[in-house]
Amino acid sequence: MAIGIFGLPRTGKTSIFNAVTRGHADTATFRTSGAQPNIGVAKVPDIRLDKLAELSKPKKLTAAEVEYIDIPASPDAMAKGIGGEFLNVLQRCDALIVVCRSFENTAVAHVEDTIDPYRDAESLEMELMFSDLALLERREHRIGTQLRSAKVSERDALAKEQIIIAKIKEQLEAEVPVREQNLSAEAAPLLENFQLLSGKPLMVVFNIDEESVERTTEIEAEMAARIDKPQVSTVALCGKLEMELAGMDPEEELEFRESLGVGEPSLDRMIRVSYDLLGLISFLTTGPDETRAWTIRKGISAVDAAAKIHSDIQRGFIRAEIVGYEDLIRAGSIAEARKEGTFRTEGKSYTMQDGDVVNFLFNV
Ligand SMILES: Nc1nc2c(ncn2[C@@H]2O[C@H](COP(=O)(O)OP(=O)(O)O)[C@@H](O)[C@H]2O)c(=O)[nH]1
Ligand SMILES: [Mg+2]
């Protein structure tokens, strides 16, 4: 599972990538061509791990992770359409982040004459839709050829595909991204195949000025109101500043953040929103050795979650002892939670919830 960062040239994509992954990829004032995608991993900030660690005093804390891919824009991104040579990288991503430039910086040229992140967010969403339309047209064309030589038994499936494609195209032409289209369950396997870009969950990130950081909450409220669409999240942060902060040691960073007077670091929020957009949740384990967050997809069962830790635990699964994180903290200990009845056993088919603190019982 990976989330792709894309956008116009010089909007701060690589700066933001470096901030979330604490990496050191090249940021560039001028150069944009010849760049390759950067791949990195961010730790998902999770206060619950620290709280659990207070209870079980483990030797080690292990956070969940999110993979980011920083996808360079071609210099003439707008003219050539989205992705260009990196279209296949975008298609492989499970969710997308579009970075829109909101910072003024005369040393860094913008591809447009003016700074307008709402305009850019809109036009990049259009680019996603154009890319999908082009893909669907190519597929339609191919179906046309296939139909000429298709066996009777194959005709049905191809004809159905044609109908579904026509429906998706019609809505795309009316500027409705795939993620907002109410498509039938029949369309699901096709969508899986096509990997349409406007069907992927999206996060719109405004890269704001250093001077605007203190107005982050205000800017984010406006974004949430103006970009209010299903499966689209919004975050504002200053990429350059966040990249510098990520390069500091933790105490220095904390001090600096406090002096800036911002609440929850936007960067932490961005990472958590990424995790959520990818459809991921964490279950937690804790003990004297390790307190750890394990990544699973929303909706999976206890026995499948067990496989995350070890395939033996899945194979020899007996039952799971589970308490919700909030219940455990309120009770103060496993023993108290057991008395209150919030600590209970669940079977194989139990649907895991975010924040479940789990102990799997198994034999092999
Ligand atoms: N003033 C200012 N400059 C920024 C900010 N974010 C990025 N830049 C500058 O913009 C240029 C392009 O940044 P980069 O991250 O390489 O953008 P990319 O082309 O989208 O990957 C670099 O010179 C950055 O230092 C920001 O928030 N404020
Ligand atoms: Mg870059």
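Of all residues being assigned to a loop (DSSP other than H, G, I, E, B) and more than 16 Å from ligand 2 (Cβ to nearest atom) in the range 94-115, which is nearest to Leu237 (Cα to Cα)? Just the residue, please. Before the answer, list the steps.
Keep residues of the range 94-115 that are assigned to a loop (DSSP other than H, G, I, E, B), which gives 94, 102-115.
Now narrow it down to the ones that are more than 16 Å from ligand 2 (Cβ to nearest atom): 94, 102, 104, 106, 112-115.
Values: Asp94: 22, Ser102: 10, Glu104: 14, Thr106: 19, Glu112: 21, Asp113: 22, Thr114: 19, Ile115: 16 Å.
Among them, the one singled out is Ser102.
May I ask you to list the residues in the range 1-13 that are within 21 Å of Val44 (Cα to Cα) and surrounded by fewer than 24 Cβ atoms within 10 Å (Cβ to Cβ)?
Listed by number, the residues that qualify are Met1, Ala2.
Within the range 9-41, track down each residue that is modelled with pLDDT under 90, in contact with an Asp or Glu (Cβ under 8 Å, 6 or more places away or on another chain) and under 17 Å from Glu85 (Cα atoms).
Selection gives Ala35 alone.
If I go through the range 157-182 residue by residue, how many of them are at positive phi and either among the basic types (Lys, Arg) or in contact with a His (Cβ under 6 Å, 6 or more places away or on another chain) (or both)? Please lay out each step first, then the result.
Of the range 157-182, the ones at positive phi are 175.
Keeping just the survivors that are either among the basic types (Lys, Arg) or in contact with a His (Cβ under 6 Å, 6 or more places away or on another chain) (or both) gives none.
The total comes to 0.
Take the residues of the range 308-352 that are surrounded by 14 or more Cβ atoms within 10 Å (Cβ to Cβ) and of a type in the set (S, T, N, Q): which is nearest to Ile281 (Cα to Cα)?
Gln314
Filter the range 180-223 for residues that are buried (at least 20 other Cβ atoms within 10 Å of the Cβ) and among the polar types (S, T, N, Q); which is nearest to Lys13 (Cα to Cα)?
Taking the candidates together, the pick is Asn207.
Per-residue answers, yes or no, for (1) closer than 23 Å to Lys51 by Cβ; (2) without any contact (Cβ under 8 Å) to a residue 24 or more places away in the chain; (3) assigned by TED's automatic domain parsing to the domain that holds Val99; (4) in contact with a Gly (Cβ under 7 Å, 6 or more places away or on another chain):
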site: Thr291; (1), (2), (3), (4): yes, no, no, no
site: Val303; (1), (2), (3), (4): no, no, no, no
site: Ala307; (1), (2), (3), (4): no, yes, no, no
site: Asp312; (1), (2), (3), (4): no, no, no, no
site: Phe317; (1), (2), (3), (4): no, no, no, no
site: Val323; (1), (2), (3), (4): yes, no, no, no
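Kindly indicate whether any position in the range 60-69 is modelled with pLDDT of 95 or more and either within 16 Å of ligand 2 (Cβ to nearest atom) or in a helix (DSSP H, G or I) (or both).
Yes, the range 60-69 contains a residue that is modelled with pLDDT of 95 or more and either within 16 Å of ligand 2 (Cβ to nearest atom) or in a helix (DSSP H, G or I) (or both).
What are the residues in the range 208-224 that are of a type in the set (Asp, Glu) and either within 22 Å of the chain's Cα centre (by Cα) or assigned to a strand (DSSP E or B) (or both), if any?
Let us first name the residues in the range 208-224 that are of a type in the set (Asp, Glu), namely 209-211, 214, 218, 220, 222.
Correct list: Glu220, Glu222.
List pairs: first in the range 141-162 and assigned to a helix (DSSP H, G or I), second of a type in the set (Phe, Trp, Tyr), Cβ under 8 Å, 6+ apart or cross-chain?
none
Do any helices (runs of 4 or more DSSP H) lying entirely in the range 247-347 carry at least 2 residues that are farther than 30 Å from Ala95 by Cβ, and which ones are they? Reasoning before the result, please.
Numbers: elements: 250-260, 266-277, 302-309, 311-315, 325-331, 334-340.
Passing ranges, in order: 250-260, 311-315, 325-331, 334-340.
Here is a list: Thr62, Thr27. Which entry is β-branched (Val, Ile, Thr), within 11 Å of ligand 1 (Cβ to nearest atom) and in contact with a Ser or Thr (Cβ under 8 Å, 6 or more places away or on another chain)? Before you say what the answer is, go through the steps one by one.
Working: Thr62 fails: within 11 Å of ligand 1 (Cβ to nearest atom).
Thr27 is the lone residue from the list that is β-branched (Val, Ile, Thr), within 11 Å of ligand 1 (Cβ to nearest atom) and in contact with a Ser or Thr (Cβ under 8 Å, 6 or more places away or on another chain).
Which residues, counting only those in the range 177-207, are more than 21 Å from the chain's Cα centre (by Cα) and in a loop (DSSP other than H, G, I, E, B)?
Asn182, Leu183, Ser184
Here is a yes/no grid of residues against (1) touching a helix residue (DSSP H, G or I) at 6+ places or on another chain (Cβ under 8 Å); (2) under 27 Å from Leu277 (Cβ atoms):
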| residue | (1), (2) |
| --- | --- |
| Ile82 | yes, yes |
| Asp113 | no, no |
| Gln146 | yes, no |
| Lys169 | yes, yes |
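Looking at Ala121 and the list (1) without any contact (Cβ under 8 Å) to a residue 12 or more places away in the chain; (2) surrounded by 14 or more Cβ atoms within 10 Å (Cβ to Cβ), which single condition is not satisfied?
(1)
The values are calculated or read from the model by the stated rules, or taken from the named source; none is laboratory data. The model shown is predicted, which means the values in this text are computed figures rather than measured ones. Because the Cβ atoms are built from the backbone with ideal geometry, glycine has one as well, and the counts that use them run over all protein chains shown.
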